[in-house]
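First comes the structure, then the notes that go with it.
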Amino acid sequence: MKHILIIALLTGMLISQPVSPAMAADHRAQAETDTHSEPLIVAYDPELVPLHTEDGENRGFSIELMDRISEAAGLDIVYEPMTKSEAIAKINDQEIDIILSIPFSEKHSTMMEFTDSVFSTSVGILTRVDDDDIDVVTDLSESLVALQNETVEYEFLRNIRRIHFQVASSQRRALDIFIEGRADAFAGNVVTANTLLEQYGLEGEYTFADSHLLHVDYSFAVQRENYSLLNQLNSEIRRMKASGAYSELYDQHFQDDDPFARWLLISVQVAAGLLIILLLLFLISIRWNRQLQTKVEKKTADLNELNSSLLQQVELKRNNNEFLNQILDSSPRGIVTLDKSGKITKFNPQATQVSGITDPPLHIPYKEVDLVCELLKEKAERVLKGEKVRFLGEHMNWTRSDGHFFQLRYFVYPLYNYDQQINGLILTFEDVTEEFTLRKKLFEQEKNQALSRVVAGIAHEIRNPLSSIKTFVELIPTKMHNEKFQQQISTYVPKEIVRVSELIEGLINYARPRHQTIEVIHVKKLLHECFILFERTAANKGFEFHFDVPDDLFIEADPHQLKQIIINLIINSLDALEEKQAADPAEERNPLILTLAAHKNQHTISIEVTDNGIGMTSEERKKILEPFYTTKSKGTGLGLAIAGQLIEENDGELKITSRKNEGTKMTLIFKASGRE
């Protein structure tokens, strides 16, 4: 059995990709650069002999192979013993980094990535020497089979009817169950079974009824999509196979020390076997004719059963495909798939309806369909060339040939095959015209509520300059010729008129509806317009309102929308200060301060609205941008949600930092404009 495994391994080494010394050096240099700050956790099954343990010590073949790989790649590793099931669960939860000696399976390929094969063997059916009832796998019907959970043999045998299972956590435990008489047969890898039988001194009491039931390739596994670590391991495995280091290590664990003695032993075994065969042929030829018909009938029945099982699986796959097509055809989203050459392979009914065409345009270039061409412009080529890019939540306005207008939200991402290679792309889109209309209504509603707050706040601000002007006008008849009075009226009245004009102009600009227009904005001018709208309101409530904005800051955005954002943030800060004021007596707290500031970083402009009001908990901070979520008794929960959406539409970013009873800072980040 070992010699068959050696041939399979040598064949695997011959077809492995060769790695030059220069490439190996590059991989090691890359590995040193990418070394984790914390050691990699490597899980292994201590019951899996001789791959993980030999003579009771953790120095099996896979352990030593991993040691050499980690040393060559500069990886810091720590071994942790655990069962296979525990290792699979932990790598899926990203609690460990590598699993040693795990066979590839489709079930596990969604949880982890597999390296090249490091060890090959076969799965066999082990029976007792005196058991004549089990010769082939179909004889296991109505039998109790001991095997390890989460293995390829378990998945294979589950498809054969009427087999009962005694499932264990390891190969050793499953074999022990069989030896203890609690199962009729054992299914597992031949190398481990032979090694354990040799350790137990039971080689002569058990035999393999079928030692080639399945071929098994053991690999190392890493976390899902951890391609950097996967490439490091594969590079070192291929390098060791190409340099002969792998063969040398394999010989140390699985081959005898004297090749000539091994060859002589094999020759003697073959000669003895041939002699026995010649003697037995004569004896069994008498019974052969009588048993042949029985065997043929039995094999025919087995083939019929397997064929029936295969037909059921084909029917199941057909039903699954039909179910998948039903899902795609019933989806309210338009779904389009392309192959590697850019031709359309799937075009569901919703996509056909929005496109305004009669029949699905299958097997033609996507550029021949107007809607798909517009959505994939400058995107399809990048995805199909293998770039790891995705376009998620993009928006586009589109008018169909019949004049129907759509606002579309669409997603573009790669389509992978079984080997995780890009072989096309997926485009999905949906009509969000009604959603945009509703959002616009909500925006106007929120703006009107904020406008009422602004109007109420500036009423006092306008009354003060009007009172000053009224006083000067009333004094004109009596002090018209007074030189000091003339100087005062010519100085203060224009200032007060400008003040009133600025307040009214800022209010009108805020209330005037308009479409989004991206302009170069003088940050200080716009923020000051917002500041003066609330300066008197803050003072009347007993708050300090600070303004700290340099003069040389410029960004590109919609000034109307930016003003809406700033006003909403200021209103929220004033509400937070009022809540803090109501909660704490004046003599027991610090002054309540609201600050509107801005500053320039290297390539960005940050606008900050800061208060030391009531603040938010971490849970409140996570939900604060969700529509209709509010902590105010009379709030709508739309202010910050709309502000967040407007910031995104203007290519900005919103960062929120807050602590309960300490205050909140809202930071808007925009790219600095170079066109001032």
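Within the shell of other residues whose beta carbon sits under 9 angstrom from the beta carbon of L596, the net charge comes to -2, with Lys and Arg scored +1 and Asp and Glu -1. Each Cα pair of the stretch 79-137 feeds into the Kirkwood radius, which the Stokes-Einstein equation turns, at 37 °C and 0.692 mPa s, into a diffusion coefficient of 230 µm²/s. When every Cα-Cα distance of the stretch 38-147 is counted in 5 angstrom steps from zero, the calculated P(r) takes the values 2, 10, 17, 19, 17, 13, 9, 7, 4, 2, 1, 0 percent. Computing FRET efficiency as 1/(1 + (r/R0)^6) for F547 and K622, where r is the C-beta to C-beta distance and R0 is 35 Å, gives about 0.70.
Counting only lysines at least 8 places from K377 when in the same chain, those with an alpha carbon closer than 21 Å to its own are K340, K343, K346, K367, K385, K388.
Distant-in-sequence amide contacts of A43, defined by a placed amide H-H separation under 5 Å and a gap of 5 or more residues or a different chain, comprise E80, D97, I98, I99, L100.
Across T610, T437, T151, the residue with the most accessible area heads the list, and the full order at a 1.4 Å probe is T437, T610, T151. Per-residue 3J(HN,Hα) values for the stretch 541-556, derived from phi via the Karplus relation 6.51 cos²θ - 1.76 cosθ + 1.60 with θ = phi - 60°, read 8, x, 9, 8, 10, 9, 10, 9, 9, x, 8, 9, 10, 9, 9, 10 Hz in sequence order (x marks Gly and Pro). Electrostatic bookkeeping for R59 treats Lys and Arg as +1 and Asp and Glu as -1; over the other residues with beta carbon under 13 Å from its beta carbon, the sum is -4. Near S330, once Lys and Arg are set to +1 and Asp and Glu to -1 for all other residues with Cβ below 15 Å from its Cβ, the sum equals -1. The C-alpha radius of gyration of the stretch 96-255, expressed as a fraction of 2.2 N^0.38 Å, stands at 1.14.
For the stretch 526-583, the average shadow cast by the Cα convex hull is 4.2 nm², which is a quarter of the hull's surface.
Largest first, the three principal axis extents of the alpha carbons in the stretch 335-393 are 33, 25, 16 Å in whole numbers.
Converting phi to 3J(HN,Hα) with the Karplus coefficients 6.51, -1.76 and 1.60 and the offset θ = phi - 60°, the stretch 297-305 yields 4, 5, 5, 4, 5, 4, 5, 4, 5 Hz in sequence order, with x at every glycine or proline. When all protein chains stay in place and ligands, DNA and RNA are ignored, the 1.4 Å accessible-area order of Y44, Y200, largest first, is Y200, Y44. With 0.36 nm allotted per residue and the present C-alpha distance subtracted, the F436-R162 stretch has 92.7 nm of extension available. Scanning residues 5 or more positions from L553 or on other chains, those with amide H under 5 Å from its amide H are V523, K524, with H placed 1.01 Å from N in the peptide plane. The H on the amide N of E54, modeled in the peptide plane, is under 5 Å from the matching H of R59, G60, each at least 5 residues off or on a different chain.
The values are calculated or read from the model by the stated rules, or taken from the named source; none is laboratory data. Not measured: the values here are computed from a predicted model. Counting neighbours? That spans all protein chains shown, and the Cβs are built from the backbone with ideal geometry, glycine included. Surface areas here come from the heavy atoms of the whole protein model, side chains and all, with no ligands, DNA or RNA. Shrake-Rupley method; radii C 1.70, N 1.55, O 1.52, S 1.80 Å.
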